[in-house]
Structures are given as C-alpha cells and as structure tokens.
Amino acid sequence: LEITDALVRSRAVDFLVVDSVAALTPRAEIEGEMGDSLPGLQARLMSQALRKLTASISKSNTMVIFINQIRMKIGVMFGSPETTTGGNALKFYASVRLDIRRIGAVKEREEVIGNQTRVKV
C-alpha cells in the first residue's frame, strides 16, 4: 500500500488496481511465527492506509480500484454468511462498490468461451 500511495502522489499513473486486498500481508504477520493469531491486523492496516490514501487520491486525478474476495463466516444463522477481508474500511471509503458474480458460462457449441456475470452497483 505504500507503493500505491507513492504512485498516486507521483501522478505518474491515472489508473491503479490493487489485486487483491485479501493478499495484502501486514508486516507483523510476515515477521511473526506461523500459526500466530493476529485478529484484526489486516483491518487495522486497511483503515490506516485508506485514511492516508484518500487524501492523496483526492488531490490527484488517479482512479484506484481495490479487488477483494468473498469469504464465508462460520456459524451464521441469520443474515448473509458472506464477508470481505480487510474489515469495514473499504466499505466506508469507497466511492463506488461493484459486486461481480459469475452466473453461468458462455458457450459456443460445447466449448466454454466466457463467463456470464451479474454486476450489482
């Protein structure tokens, strides 16, 4: 995310994609032992980084897209069991959110040549 901030501040790029939020690894996790429990670490990283990034983005003419993944919450009885990684910061700071889901295959005879998707804005 520091590289993202540097690129936005430099105004060298107009369009930037971070793929994916789930793959961003906090420094403490890299330096820690395997199996260490670090709850909320990625959420704190995203919150701190987005506070800093939004100021840089608003001053530049750069579009930044964050791609994220859906994970399933365990033991959810009511409401949606789906959640995204990185906490709530992206939900709060995003100007536009797109929910893109595969709903089928596009076929030419028997060969699959693409995906049919549904996009919710």
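Nothing in this text is a laboratory measurement; each read-out follows from the coordinates by a stated rule. Just so we're clear, the structure is a prediction, and the values are computed from it rather than from any experiment. As a convention, Cβ positions derive from the backbone with ideal geometry for all residues, glycine included, and neighbour counts pool all protein chains shown.
In whole angstrom, how far apart do the alpha carbon centroids of the stretch 4-42 and the stretch 44-105 sit?
13
Determine the percent antiparallel among the DSSP beta bridges restricted to the chain, to the nearest 5.
Bridges in the chain are about 70 percent antiparallel.
Using 1/(1 + (r/R0)^6) with R0 = 35 angstrom and r between the beta carbons of R27 and L98, what's the FRET efficiency to the nearest 0.05?
0.75
Would you calculate a helix-derived [θ] at 222 nm for the chain, using -39,500 (n - 2.57) for each DSSP H run of n ≥ 4 and dividing by the full residue count, to the nearest 500?
-9000 deg cm²/dmol
Is the shape of the stretch 42-87 best called rounded, prolate or oblate, per the rule: a/c under 1.5 gives rounded, else a/b larger than b/c gives prolate, else oblate, with a ≥ b ≥ c the square roots of the Cα gyration tensor eigenvalues?
Because a/c hits 1.5 or more and a/b exceeds b/c, the stretch 42-87 counts as prolate.
Would you look at the GNM of the chain, springs on alpha carbons closer than 10 Å, and say which of E33, E110, E82 moves the most?
Highest fluctuation of the listed residues: E110.
GNM, the chain, Cα, under 10 Å: largest mean-square fluctuation among V64, V21, V106?
V106
Work out the charge dipole of the stretch 1-49 with +1 on the Cβ of Lys and Arg and -1 on the Cβ of Asp and Glu about the Cα centre, then indicate which of A28, V17, L41 is farthest towards its positive end.
V17
With θ set to phi - 60°, apply the Karplus curve 6.51 cos²θ - 1.76 cosθ + 1.60 along the stretch 60-72 and write out the HN-Hα couplings as whole Hz, x wherever there is a Gly or Pro.
Those phi angles translate into 9, 10, 9, 9, 10, 10, 9, 9, 10, 10, 9, 10, 9 Hz.
Which option, (1) 39; (2) 28; (3) 46, is the value of percent of Cα pairs over 25 Å apart that was calculated from these coordinates?
(1)
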